[in-house]
Structures are given as C-alpha cells and as structure tokens.
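Everything below concerns the one structure shown next.
Read the figures in this text as sums done on the coordinates, not as results from a lab. Not measured: the values here are computed from a predicted model. FYI the Cβ positions are ideal-geometry reconstructions off the backbone, even for glycines, and counts take in every protein chain you see.
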Amino acid sequence: MPDIRVRIAPSPTGPLHIGTARTALFNALYARRHGGTFVLRLEDTDVARNTLAFEQDILDGLHWLGITWDEGPDSAGGGDRGPYAPYRQLQRLERHAAAAADLLARDLAYPCYCTPEEMEADRKAQEADRQPPRYVGRCATLTAADRAAREAEGRRGAVRFRVQPGIVGFDDAVRGRVEFDTSNLGGDFVIVRADGTPLYHFAVVVDDAAMEISHVIRGEDHISNTPKHILLFRALGHAEPVFAHLPLILNADRTKMSKRKTQTAVSDYIAQGFIREALVNYLALLGWSTGTEEEILSFDELAARFDLDHVQKGGAIFDRERLEWINGQWIRRLDDEDLVTRLEPFLEAEHVAGRIDRTPTAEEIRTVLPMIRERLPTLGAVGDLIGFLWIDELAVDPALIVPKRWDAATTAAGLIAAREAIAAVGAVSFESEEIEPPLRELAERRGWKAGDLFMALRVAATGRTATPPLFDTLVALGRERTLARLDAAIAAVGRLAEGGTP
RNA sequence: GCCCCCAUCGUCUAGAGGCCUAGGACGCCACCCUUUCAAGGUGGAGAUCACCGGUUCGAAUCCGGUUGGGGGUACCA
C-alpha cells in the first residue's frame with residue numbers, strides 16, 4: 001500500500017473558518033491514526049482576494065488548535081518545509097502551466113477565445129430555453145489557423161478541458177459509490193484563465209498529483225466537483241486518490257454554515273475564551289463519533305480512535321451550547337498553572353476595556369482558581385464572574401442589596417451587625433472558617449434566615465446576586481475592602497430606608 | 001431547471017436484520033446537595049427511527065418510490 005498522504009488546502013481569502021479547521025482536524029487525525037503525512041498547502045491563486053493577514057490568521061489558528069503539519073509553510077509569507085516544496089500554489093504556476101501545455105499538446109484541452117459577452121449571451125439563451133447552463137463549445141473545433149488569427153489580433157485564450165461523454169464514478173470513503181454522467185458537467189470547463197493563472201479545479205489536481213496525495217478528505221460541497229477532478233487526474237496520467245467527503249457544518253436553519261448566520265471565524269471563538277482542547281474535541285465529534293459513549297477526548301485520544309467509517313453522512317448543525325459544555329469540561333481538567341496562564345490575557349483585556357481597574361497578578365488569579373474553575377463556561381466569562389475583585393470604586397444598586405424577603409431597614413440593621421462581626425475577625429485570621437460561624441450565629445440570634453443575610457452581604461460586597469461562595473469571596477476581597485464596601489452599602493441602604501420605606 | 005448528496009429525540013449522535021418497549025450526551029424540567037451561582041448526583045419529558053410500498057418468520061437497519069432538506073451548477077475557492 002502506498003504511503004498515506006493527506007492535506008488541507010485553505011485559501012487565504014478570509015480568516016480561518018470553523019469548517020476549514022474541522023477539515024484540517026479530520027485530515028490530521030487520519031494521518032496521525034495511520035502513520036501518514038499531513039500536508040498544508042496554500043491555495044492562493046485568487047490573487048484579488050488573498051491577503052497576508054488572512055494567511056497569518058489561518059496558520060496561527062491551526063497552530064493554536066494544536067494541529068501540526070508535516071509539510072508546508074511554517075509561517076505567513078514563507079518557510080516552506082518538505083520534499084514537495086513549494087507549498088503555495090502561486091509558486092507552482094510553472095507546474096500548472098506545464099501541465100496545461102501538456103494537455104494542450106495532446107489536444108485534451110484547447111484555447112478558448114469566447115468573450116464574457118458571448119458567454120453571457122449563451123447563458124441567457126439557455127436560461128430562456130430552460131436548459132441547464134453549459135459551455136456551447138464554440139472554440140472546441142477551432143483550427144490552428146483560426147487560433148493563430150485570434151492570437152494575431154492580440155487575443156489571449158483561456159484553456160478549456162475537453163469533457164468526453166461517459167460515466168465517471170468513485171468509491172467515496174464515507175458515502176460509497178457515487179457516479180456522474182459527464183454530460184451534466186456543464187461542458188468543457190476552463191482550467192486556465194486568459195491571464196494564464198490556473199483555476200482551483202486544475203491547480204488542486206495538478207498539485208495533489210505532484211504531492212502524491214493519497215486521500216482527499218474534504219467537505220461535501222466538493223462532491224460535485226469530484227468528477228472534474230477525476231477526469232483531470234486521468235488526463236494527467238496520475239492515479240486518482242481516495243475521496244472522502246465530510247458532512248457540512250450547518251447553521252441553525254440547516255443551510256451551509258455561513259458568517260451571516262453563525263460565527264465562523266476560529267479567532268472569534270479564541271477571543272471568547274474557548275480553549276483548544278474543547279474546540280478540537282467538539283469539532284471532531286461534529287460529523288464523526290467514536291462509536292462508543294466516550295465524548296471528552298484529547299487530540300491523542302481522538303487520533304487513536306479516528307476512522308472514516310464512523311463519519312456521519314448528514315450535515316451537522318453547529319451547536320454552541322454543546323461547545324460551551326465541552327469547554328467547561330476541559331477548563332475543569334486544566335491544571336492550575338495552565339489555567340492561570342490562559343486566564344491572564346482575558347483579565348488583561350478586561351483591564352484594557354476599563355471593566356476592571358487593574359490586571360491581577362498570576363498569584364492573585366491562582367488563589368481565586370478554586371472558586372471560579374467550575375463556574376467558567378469560557379475563559380471570557382472570568383470578568384463577569386469575579387471582576388468585582390479588581391474594581392476600586394464598586395457601584396452597587398442599593399435596591400439590589402435588599403433581599404427579597406427583607407425591607408431596607410432590616411437590611412441596614414443586618415449589614416451593620418454583620419459588619420461588626422466581620423470586623424471582629426482579625427486581619428491575620430481573615431479566613432472563611434473564621435468569618436462564617438459568627439455570621440450564622442448572628443442570623444440565628446436575630447431570627448434571620450442565614451441565606452437572606454448572606455445575600456445582602458453578597459450584593460453589598462460584589463454588586464451581584466450570583467457570585468462564587470460568599471466567604472471565599474470576602475477573603476479574596478480582603479478585610480479592609482470588605483469593610484469599606486459594607487460601610488458604603490450601609491450608608492446607601494440607610495438612605496433607602498429613610499427615603500422609601502414606611 | 002439540471003446533477004449529486006442526505007434523512008434516528010429541539011441539537012450532536014449510538015445503531016451494520018432479532019440484544020430496540022431505540023441507548024448516550026447537550027439543552028430543558030423536577031428533586032437532592034446548598035448562602036447565591038455553578039459543579040455534582042438522581043429522576044423526568046422528549047424520536048409512530050420523514051412517508052409509502054416491498055424483501056424477510058422478523059427492518060431504524062436491505063430494496064424501490066415519494067416527500068423534505070442540503071450542496072453543486074463561474075475565466076471563485
């Protein structure tokens with residue numbers, strides 16, 4: 001059996017797309033599982049839409065996901081590595097041109113001088129006739145003299161590949177036998193533009209052949225292109241690879257995932273605090289399953305189980321809620337040092353955005369880890385969760401401090417008594433085990449429900465009704481700041497009691 | 001229009017003729033735990049396996065058709 005060589009061939013015409021990332025992942029998993037080689041090739045022939053920034057984003061995103069390739073560009077703009085270099089289509093133009101020349105020489109392809117206007121007229125006529133659009137073959141039978149005449153006029157022809165009648169079929173690794181009648185391919189198709197640059201269908205085949213790609217694992221949207229590719233492989237005298245078409249990732253309305261309806265840029269998910277382990281885990285399970293009930297799996301665990309047989313045929317809706325759940329699962333599995341490191345940029349961002357007054361130190365983050373780890377669906381949720389720790393002047397809505405079952409006067413009294421109890425706890429022994437008992441006693445003595453007292457304290461100290469455990473939170477805040485916030489709350493609720501309560 | 005692909009709880013899926021009165025997970029709802037929020041635990045609702053025919057002693061699983069959905073139909077990738 002020949003070596004297994006797979007590839008991902010993104011085009012830098014946009015930021016790394018979730019769908020591209022999943023295709024890359026499936027290829028990487030397949031290569032890893034079978035000891036094959038994973039190649040990254042940049043399809044940068046669409047010069048008008050390519051940018052170096054997008055190239056950077058794609059490479060960075062793939063790296064971030066932990067997807068590594070054995071051959072291909074290492075960095076944006078350069079760094080090709082591997083025996084089949086270059087791995088950028090733009091640098092392979094001579095090879096495409098040579099292949100086209102070869103096809104031309106063997107009359108498997110021919111120059112086409114049709115103008116856009118002619119093409120448009122053809123299309124309209126076909127539409128009016130209710131015929132499927134196809135190239136009419138105007139230039140298919142031009143003689144050498146005809147061509148010479150046009151060239152003499154300075155006209156440059158595009159290159160069209162001759163499509164012969166017949167059936168083209170292939171055994172898709174996920175779908176089984178698929179066959180197409182070549183008469184439905186739309187006639188002879190263009191493989192090289194008039195400006196000499198190759199079209200995707202042509203470049204991809206020339207390069208896959210040259211790079212000895214053995215398995216083409218790609219999205220289902222390429223299924224109808226496959227017969228063209230096969231015809232090209234055959235014309236080039238190269239054995240065709242095994243094709244495996246992955247189900248599409250869908251919007252909630254079951255249409256192909258698109259930017260308009262779903263977030264599609266991997267960088268967006270990174271920015272929101274999804275972690276690589278979760279994204280990889282989730283994406284792997286979108287359209288594939290282990291066949292067992294395992295679901296929280298690392299890249300290595302996925303690779304050990306990956307196979308094309310369990311790839312789903314139907315499209316899969318991208319379910320962000322499930323992604324969040326998996327993300328939470330992975331956040332809980334991270335060790336302290338790791339989590340702190342990953343949290344830092346998000347806290348930094350909170351600071352930059354002005355939502356907190358300073359960026360906490362790694363040590364500060366570490367101490368607070370036990371109380372936030374199980375409450376983070378994403379890293380980005382950290383600011384909302386405990387940002388109040390690093391705000392100097394906390395603005396608290398006095399009305400919010402008053403528990404549902406209490407009035408303002410009771411709340412003021414409760415806060416005053418609680419402040420006293422908390423103040424009695426020394427600075428050195430300001431631990432939750434020291435703070436909790438006296439407050440429970442206080443509630444007991446006054447006939448208050450502990451929960452109500454605690455809620456008043458919680459809101460007074462944090463400004464929110466949902467927080468990590470109260471006493472740990474107060475400890476994290478520190479004795480002085482806790483007392484200061486209580487004083488401010490007592491004053492505010494006191495005013496509320498005088499003003500609004502009978 | 002034409003070609004191709006697909007079809008199991010709302011969602012991701014298990015299921016390769018009898019183990020299925022269809023399993024798991026997310027989400028949802030209860031309850032337990034509990035100072036709030038999470039996490040965790042327990043339980044529940046939720047799928048006439050799109051529909052109709054066939055094959056078979058027996059079909060979610062095989063075959064045909066229908067319907068529905070999706071993708072492709074460029075000198076885009």
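General remarks:
- Under-27-angstrom lysine pairs by C-alpha in chain A, whenever the two are 8 or more apart or on separate chains: 7
- Shape class for the range A:90-210, computed from the alpha carbon gyration tensor (a ≥ b ≥ c): oblate, with a/c not under 1.5 and a/b at or below b/c.
- Chain A, dipole about Cα centre (Lys/Arg Cβ +1, Asp/Glu Cβ -1), debye to the nearest 20: 1260 debye
- A simple spin-label model places pseudo-atoms 7 Å from Cα toward Cβ; at A:K313 and A:E480 they are separated by 7.0 nm.
- The mean sequence separation of alpha-carbon pairs under 8 Å and at least six residues apart, normalised by the residue count of the range A:231-313, gives a relative contact order of 26 percent.
- Isotropic mean projected area of the C-alpha convex hull, chain A (nm²): 32.7 nm²
- With a cut-off of 11 Å between beta carbons, the residues surrounding A:R7 carry a summed charge of -3, where Lys and Arg count +1 and Asp and Glu -1.
- Charges were assigned to the Cβ only: +1 to each Lys and Arg, -1 to each Asp and Glu. The resulting dipole of the range A:20-162 about its Cα centre is roughly 460 debye.
- Using the Cβ of A:D172 as centre and a radius below 10 Å, the other residues enclosed give a net charge of +1, where K and R count +1 and D and E count -1.
- Inter-label distance, A:E295 to A:A252: 2.0 nm, where each label sits 7 Å from its Cα along the C-beta direction.
- Residue among A:L104, A:A125, A:G36 farthest towards the positive dipole end of chain A, charges placed on Cβ: A:A125
- Taking all Cα pairs closer than 8 Å and separated by 6 or more residues, the relative contact order of chain A comes to 12 percent.
- Dipole magnitude (debye, nearest 20) for the range A:283-369, charges at Cβ of Lys, Arg, Asp, Glu: 320 debye
- Under 13 Å, Cβ to Cβ, from A:W69 - net charge with Lys/Arg +1 and Asp/Glu -1: +1
- Divide the volume of the convex hull around the Cα atoms of the range A:12-160 by the residue count and you get 184 Å³ per residue.
- Annotation: the residues A:V174, A:V47, sorted from fewest to most other C-beta atoms within 10 Å of their own C-beta, follow the order A:V47, A:V174.
- Chain A - mean residue ellipticity at 222 nm from DSSP helices (-39,500 (n - 2.57) per run, n ≥ 4, rounded to 500): -14500 deg cm²/dmol
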